[in-house]
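Taking it in order: structure first as structure tokens, then the write-up.
The values are calculated or read from the model by the stated rules, or taken from the named source; none is laboratory data. Keep in mind that what you see is a predicted model, and the values were worked out from it rather than measured. Cβ: placed from backbone, ideal geometry, glycine included. Neighbour counts: every protein chain shown. Surface areas here come from the heavy atoms of the whole protein model, side chains and all, with no ligands, DNA or RNA. Shrake-Rupley method; radii C 1.70, N 1.55, O 1.52, S 1.80 Å.
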Amino acid sequence: MLKLTDNIIMKYFQPVLLFAGTWIFVIFLLSLRLSNLLESSVNDAITFFLMVFACFTAGYLVGFLTKKKIKIDVSVVDLSLKLKNRYFLFIKIWVFLTIIEIIVSGGVPVLWLLLKNGKTYFDFGIQSVHGLLNALGMMLCVLSFYLFKKYKDKKYLYYMLFLIFWYVIVISRQVIIVMLMEITFIFFIMAKNKLSLIKTVAIYGFIVIFLFGIVGDMRSGADAFYELAQPSDNWPNWLPSGFLWVYVYLTTPINNLIFNFQFEVRELSYLFPNTLSLLLPSFIRDIVFGQQDTVSGNLVTPAFNVSSAFMSSYMDMGKYGLAIFAFVIGLISNLTWWATGSKRFFFRAITFQCIILSIFYNHFFYLPVAFQYVWFILFFMNYKKI
């Protein structure tokens with residue numbers, strides 16, 4: 001009976017387990033107090049988690065009420081010649097619009113950086129088009145990796161590598177992280193020996209963290225970063241600096257969020273402007289909500305200005321906002337995880353990274369990420385269902 005129950009939980013509640021595991025992990029890291037920056041109460045963090053986890057789960061369960069029947073199957077998708085032709089059509093659209101953006105912007109960010117002309121990656125792109133084009137680029141990158149793994153055709157690998165390289169050129173770190181997270185999910189689902197893959201990822205993960213620390217030390221200096229990160233007496237000094245970089249980046253968002261709980265939200269914004277504003281194209285957003293600053297709330301230190309996916313909803317409606325937002329993303333997670341048709345396979349990759357990266361940012365309501373769902377719907381339009 002227990003095995004049957006465990007099997008049901010693993011099959012039906014994977015997004016809930018992902019959400020719980022992600023937030024429990026960062027709260028555990030917070031509790032280690034390896035940096036003197038981390039002064040927020042762990043008890044408050046646990047209370048926050050229990051509330052949003054309950055609301056996320058409630059929203060997820062409500063999602064099942066919208067379905068008459070659920071198909072567990074999420075096998076890989078065989079793409080017909082028609083869909084492969086559609087893939088190349090989408091590639092051509094992305095290339096054409098990207099060339100237009102380069103012309104309109106007068107170059108690319110990496111070139112501006114080398115020339116030191118004062119322009120940054122914020123100056124690149126066409127307003128209200130750039131975000132949708134980024135979503136298309138992410139979708140094509142993930143699809144290219146899938147096609148490479150499925151059909152062993154290296155041309156798809158080259159398309160994927162080119163797309164990643166392009167977002168290095170335009171210095172879009174967020175897009176690269178999202179693509180790599182979604183690719184990791186696809187890679188894991190398609191892997192025959194998942195345990196071996198986990199070991200490999202863990203090894204390369206340690207290597208990346210080590211290199212991340214070296215690059216970070218070269219850019220800002222090891223001493224400067226240690227002064228900024230303020231390692232506590234608990235920090236094991238024998239660890240490479242890369243681990244401190246990762247530790248601080250993982251824990252400061254929840255530290256900032258809990259820190260804000262001491263500031264009462266006096267005016268409730270029932271339209272959730274901070275939460276919903278980035279879901280709209282910029283020209284519509286400015287009309288509906290006015291120009292919004294990046295939502296970070298009150299910061300423990302300006303050097304670490306990320307406050308998790310929940311900061312905007314807290315600023316809108318206080319703790320009521322946290323509960324409502326958690327319920328809504330739980331519902332969204334269910335609707336996308338159990339979507340009908342072949343798009344479900346790719347929807348899950350998007351939802352996976354939205355849940356994992358919720359410790360940093362609200363990708364559920366961030367147009368350049370969320371619009372991937374729309375691109376996949378358009379891609380699989382009039383295609384057979386699983």
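Listed peptides 123-130, 353-360, 104-111 appear in the order 353-360, 123-130, 104-111 once ranked by packing, highest mean of other Cβ atoms within 10 Å at the front. With contacts taken as Cα pairs under 8 Å and at least 6 residues apart, the stretch 110-192 reaches a relative contact order of 30 percent. CYS55 exposes around 30 Å² of accessible area when a 1.4 Å probe is run over every protein chain in place. Only helices enter this figure: runs of n ≥ 4 DSSP H residues, each worth -39500 (n - 2.57), summed and divided by the residues of the chain, yield -22500 deg cm²/dmol at 222 nm to the nearest 500. Mean projected area of the convex hull spanned by the Cα atoms of the chain, taken over all viewing directions: 21.4 nm².
Ordering GLN127, ASN256, GLY137 by Cα displacement along the dipole of the chain toward the positive end leaves GLY137 in first place; charges were set at the Cβ atoms of Lys, Arg (+1) and Asp, Glu (-1). With 0.36 nm allotted per residue and the present C-alpha distance subtracted, the ILE70-TYR320 stretch has 86.8 nm of extension available.
Using only the Cα atoms of the stretch 81-190, build the gyration tensor, take square roots of its eigenvalues as a ≥ b ≥ c, and label the shape rounded, prolate or oblate: rounded if a/c is under 1.5, else prolate if a/b is larger than b/c, else oblate. Cα axes put the stretch 81-190 in the prolate bin. Placing +1 on each Lys and Arg Cβ and -1 on each Asp and Glu Cβ, with no other charges, gives the stretch 292-385 a dipole about its Cα centre of roughly 560 debye. Potential lengthening of the chain between ILE284 and VAL374 amounts to 30.6 nm, from the contour at 0.36 nm per residue minus the alpha-carbon distance.
Efficiency by 1/(1 + (r/R0)^6): what FRET value for ASP223 and PHE25, r their Cβ-Cβ distance, R0 = 41 Å, to the nearest 0.05? For ASP223 and PHE25, the calculated efficiency is 0.90.
Net charge dipole, the chain: roughly 2280 debye, given to the nearest 20, about the Cα centre with Cβ charges of +1 for Lys and Arg and -1 for Asp and Glu.
In a simple Cβ point-charge model (Lys, Arg +1; Asp, Glu -1; nothing else charged), the stretch 81-190 has a dipole of about 460 debye relative to its Cα centre.
Bridgeable lysines around LYS92 (alpha carbons under 30 Å apart, same-chain partners fewer than 8 residues away excluded): LYS82, LYS84, LYS119, LYS149, LYS150, LYS152, LYS154, LYS155, LYS343, LYS384, LYS385.
Using a probe of 1.4 angstrom, how much of the accessible area of the stretch 60-210 is carbon and sulfur, in percent? Its accessible area is 72 percent carbon and sulfur atoms. Taken along the Cα-to-beta-carbon direction at a fixed 7 Å, the label points for PHE206 and LEU115 span 4.5 nm.
Report the relative contact order of the chain, percent, no decimals, based on alpha-carbon pairs under 8 angstrom and at least 6 residues apart. Relative contact order, the chain: 28 percent.
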